[in-house]
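Okay, so here's the structure we're looking at.
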Amino acid sequence: MHADIEKVYQESLQRNPTQPEFQQAVREVIDSVEPLIIARKDYQDAEILARVIEPERQIMFRVAWEDDQRHVRVNRGYRIQFNSALGPYKGGLRFHKSVTLSVVKFLGFEQIFKNALTGQGIGGGKGGSDFDPHGKSDSEVMRFCQAFMTELSRHIGADVDVPAGDIGVGAREIGYLFGQYKRLSNRNEAGVLTGKGLNWGGSLARTEATGYGLVTFAQAMLGEQGLDMEGMKVLVSGSGNVATYAIEKAQSLGAKPISISDSSGAVYDPDGIDVELLKQVKQVERGRVSDYAQRRPNAQFRAGERVWGIAGDIALPCATQNEMNEAEVATLVKNGVKLIAEGANMPLTPQAIEAAQASHILYAPGKASNAGGVATSALEMQQNAGLTQWPFVKVENRLDKIMLDIHRECLETAHEFGKPGDYLVGANIAGFRKVADAMLDQGII
């Protein structure tokens, strides 16, 4: 590593000593963009790297709420407003017991470059809480969301910061959050949140967007090699929106997704995932993947396991960070997997990424391959600004174009920097350069 870049990285380590996920994300980007920074003296003079890896604003707050037994509960809330060079901060809210400052910062840092790649004029941010909505009543979730938004409302706005959903934050939570924002602000500011209900400002295709976009990107990767998704067995981890709609889109292209998972274990369904049953179990009943397996004659539930030991052709990790390690990549290689595209944020460990690239498996980082969700959130913002709602097909066509443009830009940038076919380098440099150039234009702020 170049001495000046190493100095910035070491300072970040010292400033954030207990944030491993954040430092993992920073190191991955630094390793990719080093040639760009060395080549650009104006970036060095303006300390662009040091400024990019330091959030513009970090907000942490107490969330006190009352459960159904009238006991007071206390959680911690976060909002990291990381970079606004390209537009208002944009990024989801995650409600999960694993949420820490490190997790929110890594997600926000990744979001900067993901949002830049979409070309939609949005900055990077992220937020959430260590509140876990699983097992809570609707009334408890509502009271928590209202308490959370009471503080968050001070810091957001349609032209300032536009949160959306993420793990643990779906249509129910967005509705409660928006209702409280309206009550506090006395404004029907539809563009302040995305992922809204279709009858009050939401966008068609937003629910499907991350999963659909992921498969569109993977199909484009295969096309570069003269391959096609039809007939391929697809390993999918997770069972939320990203996994569900990645399965649905893959099936529409003739592929056969054969796995799902959650924190309790994995399901292998040799007959192919029944996506309608999956939606019923996860979206309506809020059940577990084991409940899905019980209703499928040949499905196997494997408690405590992950899906990466199952034989297949394509791997789409759609669950959470660091869910695939080096040994699991070796198993995928042995089983003949041709492609790994990230549907979750940073689902591969650094060692797993190295192993994938060394094996010549096609590999796409999440900031490129799962950008469809935030891209469609930006399309929702456009619809809100125009007081209109576009047809599903129009949104889907816009999504497809954005994902194909990202794919093309990743390949072109990787080739420009002497790394043909390296989607990781292409995505990181392309996203970083857009943000850095905007920061130069706007001065030292």
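The values are calculated or read from the model by the stated rules, or taken from the named source; none is laboratory data. Every value quoted in this text rests on a predicted model; they were computed, and no experiment measured them. Ideal geometry is used to build each Cβ from the backbone, glycine not excepted, and the neighbour counts take in all protein chains shown. All accessible areas refer to the heavy atoms of the entire protein, side chains included, with ligands and DNA or RNA removed. Shrake-Rupley method; radii C 1.70, N 1.55, O 1.52, S 1.80 Å.
Descriptive notes on the structure:
- Taken over the range 411-445, residues that are among the hydrophobic types (A, V, I, L, M, F, W, C) and either touching a Ser or Thr at 6+ places or on another chain (Cβ under 9 Å) or outside any helix (DSSP H, G or I) (or both) amount to 9.
- Yes/no for Val103 being under 30 Å from Thr349 (Cα atoms), part of a helix (DSSP H, G or I) and in contact (Cβ under 8 Å) with a residue 24 or more places away in the chain: yes
- Qualifying residues in the range 265-280 (those that are surrounded by 15 or more Cβ atoms within 10 Å (Cβ to Cβ) and either without any contact (Cβ under 8 Å) to a residue 12 or more places away in the chain or not hydrophobic (A, V, I, L, M, F, W, C) (or both)) - the one farthest from His134 (Cα to Cα): Gly272
- Meets criteria (open to solvent by less than 50 Å² (accessible area, probe 1.4 Å), more than 20 Å from the chain's Cα centre (by Cα) and touching a residue at least 40 places away in the same chain (Cβ under 8 Å)) for Asn345: no
- Residues located in the range 249-264, provided they are open to solvent by less than 40 Å² (accessible area, probe 1.4 Å), in a helix (DSSP H, G or I) and out of contact with any strand residue (DSSP E or B) (no Cβ under 7 Å at 6 or more places or on another chain): Lys249
- Of all residues in the range 121-130, exactly one satisfies the criterion of being closer than 17 Å to Asp166 by Cα and either touching a Cys at 6+ places or on another chain (Cβ under 9 Å) or surrounded by fewer than 24 Cβ atoms within 10 Å (Cβ to Cβ) (or both), namely Asp130.
- Among the residues of the range 158-207, those that are in a strand (DSSP E or B) and either touching a His at 6+ places or on another chain (Cβ under 8 Å) or open to solvent by less than 30 Å² (accessible area, probe 1.4 Å) (or both) comprise Asp161, Val162, Pro163, Ala164, Val169.
- Residue list for the range 89-104, restricted to those being open to solvent by 30 Å² or more (accessible area, probe 1.4 Å) and either of a type in the set (A, V, I, L, M) or touching a Gly at 6+ places or on another chain (Cβ under 7 Å) (or both): His96, Leu101
- Hey, Lys401 open to solvent by 10 Å² or more (accessible area, probe 1.4 Å) and in a helix (DSSP H, G or I) or not: yes
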